[in-house]
Amino acid sequence: MTHPDLGPSQTGNADVDGDGTEERVRTYLLPDLEPRFVRFEYNPNDGNLSITEQVLLRDQNGNPLSGRPNLETDDTGRIPIDEQGNVLEFDPLGADLEGILRAPDGTYWLSDEYRPAIYHFQADGTLIERYVPQGLPPEVGNGVFPEVYNQRRANRGFEAIAYQDGKVYAFIQTPINNPVSQETATIRILEFDPATETITGEYLYIQDDMGGGSDKIGDAAALNQIGEFLVIERDSGFGPDSVKNIYRIDIANATNVLDITLEEGETLEGLSPEELDVRGIEVVTKELYADLAELGYTFTDKPEGLAVVDGDTVAVINDNDFGEGGVPIGLGLVNLSNGLDPSDRDGAI
């Protein structure tokens, strides 16, 4: 299962109020595009892929959601317009969806990039609740996350989402501005308990070299071992020299920093990994699981979907920005089995 995001759009400048001065705008080519679940099937025997179902997403009153921004302060203050230059209304529940999972109870959780937000939907696409950081207008969602999450970089909210042992885990796409996102490699992983609608944990994950390696999260998926997840880290490059890595991470021994107290003036993002270690703060451990670029997944800069197929295989799908730049949607199946079958006698590897 997958989903589209906010829809095709272009950024630029336009005089939208007729005062002779151009404003910063984002043009939504499909402003009423409805977000949705998209189910598909892939047959590895013949290579055929088919869409089997699309479930449109609605609010609690049955009104369609959109991909338009929530507040005037979103998207670095860009004004949303259509192709004719008409100013569009903001949508308090508008979604730039980036991750999806199906919970054991049959409901769905999706992460949102406009801000650190997660949506909870019934199987028929009806919104149950949207959860957001504290300090926002109530029409935007239920403010349960720490208010510091509002300091995310514009349009870099929760990029990845995973479910394990009754908890939802949401991953910020890039470090938050606490104080300056470009000067840190520290990503927050949020642990949310749906049963109590409370935050039960925060863990710190250190991205690779911000100066030349990966600088953003692509997606995440839970593994069977409690505390272990797969996480895509990527840069914005194309080709075999780009950085598109899947890491196996473990939060089991990481410090839960939810209620940790720092010295005056210190922030979690402002401390280097060495400084965190001195303060006894253990970050999430990580090891390379797969180098997607080395394995040939090089036609795109945005592998942003990840799912575990079985113990040896994961599926990766990319965001193609609705075909902009001629990039196709590519589904990759990565098998990392190291098994060797020297005989055919028992039918097993």
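Applying both filters, DSSP loop and at most 13 other Cβ atoms within 10 Å, to the GluC sites (Glu not before Pro) of segment 72-172 gives GLU72, GLU83, GLU89. Please report the relative contact order for segment 152-335, taking Cα pairs under 8 Å with a sequence separation of at least 6, and give it as a percent rounded to a whole number. Averaging sequence separation for qualifying contacts and normalising by length gives 18 percent for segment 152-335.
Here's the thing: no lysines lie within a cross-link span of LYS167, going by alpha-carbon distance under 17 Å and ignoring same-chain residues fewer than 8 apart. Taking the Cα centre of the chain as origin and assigning +1 to Lys and Arg Cβ atoms and -1 to Asp and Glu Cβ atoms, the resulting dipole is close to 500 debye. Scanning residues 5 or more positions from ALA117 or on other chains, those with amide H under 5 Å from its amide H are ASP112, PHE158, with H placed 1.01 Å from N in the peptide plane.
Arranged by the count of other C-beta atoms within 10 angstrom, fewest first, what order do ASP235, ASP277 take? Before the final figure, lay out the partial values.
Details: ASP235 19, ASP277 12.
Taking fewest neighbouring Cβ atoms as first place, the list is ASP277, ASP235.
Taking 0.36 nm per residue of separation and subtracting the current Cα-Cα distance, fully stretching the chain between ILE260 and ASP321 would add 18.0 nm.
Can you classify segment 1-142 as rounded, prolate or oblate using the Cα gyration tensor, where a ≥ b ≥ c are the square roots of its eigenvalues, rounded means a/c under 1.5, and otherwise it's prolate if a/b beats b/c and oblate if not?
Oblate, because a/c is 1.5 or more while a/b does not exceed b/c.
Going through [x] 21.0; [y] 17.6; [z] 22.9, the figure that equals mean projected area of the Cα convex hull in nm² as computed for the structure here is [x].
Estimated from the Cβ-Cβ distance and a Förster radius of 51 angstrom, the FRET efficiency linking ASP241 and THR198 is about 0.70. When shorter helices are ignored and each DSSP H run of at least 4 residues is given -39500 (n - 2.57), the per-residue value for the chain at 222 nm works out to -500 deg cm²/dmol.
Full extension of the chain between LEU49 and LEU331 gives 100.6 nm of extra length, using 0.36 nm per residue less the Cα-Cα distance. Distance between the 7 Å Cα→Cβ label points at THR126 and ALA154: 3.8 nm.
Read-outs throughout are calculated quantities, based only on the coordinates presented, and are distinct from any laboratory measurement. Quick caveat, the model's predicted, so the values are computed rather than measured. Using ideal geometry, Cβ is built from the backbone for each residue, glycine included, and neighbour counts are taken over all protein chains shown.
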